Amino acid sequence: MSATVLTASALLLDMDGTLVNSDAVVERCWRRWAIKHGLDPEAALKVVHGRQGYATMAVLLPDRPVEENYADNRVMLAEETADVDGVVPIGGAPAFMAAIAGLPHALVTSADSALATARMGAAALPMPAVRVTAEQVGASKPDPEGFLKGAAELGFGAADCIVFEDSEAGIAAGRAAGMRVVGVGPRAAALSPDAHVEDLTQIRVEAAGDGTIRLHISEA
């Protein structure tokens, strides 16, 4: 393993695949949806991560009216919120969240507020005071809007923030926002983030005397 040190003023955290392992629920719900619409569920699962549901549906069914995608998305969110079976924290997430508790950070997720609350609760992780959920953005990742809003709410510029992400859409959003990206987990490995870890056990957080955050990363 090689060690990397990144310095930032604030951290912007994706939820699913980054702090919370919700793959079991996501796969159950999206397999049902794909089969219902005559799609190959394995192919569908390759594009579902990181986006809001309606945006995934638009990729999978490009000729379908957007209103139908929004309607299906509302049903999907309700199903996912009610199903927390198998939702667990990503390795190292409890200690990581404890380490950044007093430091500037925000949750930036494609989940809506109810789903984010359900999953963070199921994983027994503290909900950040600052959060940008689906209701607060007009465009889903890979659009950078969510990360830019999170940075603005924390009071920092893009160059001073580091994004934690697991998905192609999320990493693209972080890059488009002009931020550095730590990729978490297997999906991120091939996407050339600024640093990559298998899980959050490979990160040690140091609060520097000048108010900045130092991330000591043992890369996979």
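The angle between the Cα long axis of helix 66-82 and the main principal axis of the chain comes to about 60°, on a 0 to 90 degree scale. Here segment 75-220 is treated as an ellipsoid with the same Cα gyration tensor; its semi-axes, largest first and in whole Å, are 22, 18, 16.
Using heavy-atom solvent-accessible surface (probe 1.4 Å) with all chains present, what is the largest-first order of R131, R180?
R131, R180
Once the Cα-Cα distance is subtracted from the 0.36 nm per residue extended length, the D210 to R64 segment shows a gain of 47.3 nm.
Charging the Cβ of each Asp and Glu at -1 and of each Lys and Arg at +1, and nothing else, the dipole of segment 1-135 about its Cα centre rounds to 220 debye. For K36, the aspartates and glutamates whose Cα falls under 16 Å of its own Cα, not counting residues fewer than eight places away in the same chain, are E27, E68, D72, E79. When only alpha carbons are used to place a centre, segment 168-220 and segment 85-119 end up 15 Å from one another. To the nearest ten degrees, helix 23-36 and the longest principal axis of the Cα atoms of the chain are 20 degrees apart.
A simple charge model with +1 on the Cβ of Lys and Arg, -1 on the Cβ of Asp and Glu and nothing else charged puts the dipole of segment 83-156 at about 200 debye relative to its Cα centre. Note on exposure: S218, S192 ranked by accessible area (1.4 Å probe, complete protein assembly) read S192, S218, with the most exposed listed first.
Computed from point charges on the beta carbon alone (+1 for Lys and Arg, -1 for Asp and Glu), the dipole magnitude for segment 167-220 about its Cα centre is near 120 Debye. The share of accessible area on segment 1-50 that comes from carbon and sulfur is 54 percent, using a 1.4 angstrom probe. Applying D = kT/(6 pi eta Rh) to segment 40-153, where Rh is the Kirkwood radius over alpha-carbon pairs, T corresponds to 20 °C and eta to 1.002 mPa s, the Stokes-Einstein value obtained is 139 µm²/s. Residues in segment 1-141 average 43 Å² of solvent-accessible surface per residue, probe 1.4 Å, ligands and nucleic acids excluded. Surface composition of segment 103-220: carbon plus sulfur atoms hold 52% of the accessible area, using a 1.4 angstrom probe and ignoring ligands, DNA and RNA.
The values are calculated or read from the model by the stated rules, or taken from the named source; none is laboratory data. Remember, predicted model here, so these are calculated numbers, not experimental data. All Cβ positions, even for glycine, are placed from backbone atoms using ideal geometry, and neighbour counts span all protein chains on display. Just the protein is used for accessible areas: all its heavy atoms, side chains included, with ligands, DNA and RNA removed. Shrake-Rupley method; radii C 1.70, N 1.55, O 1.52, S 1.80 Å.
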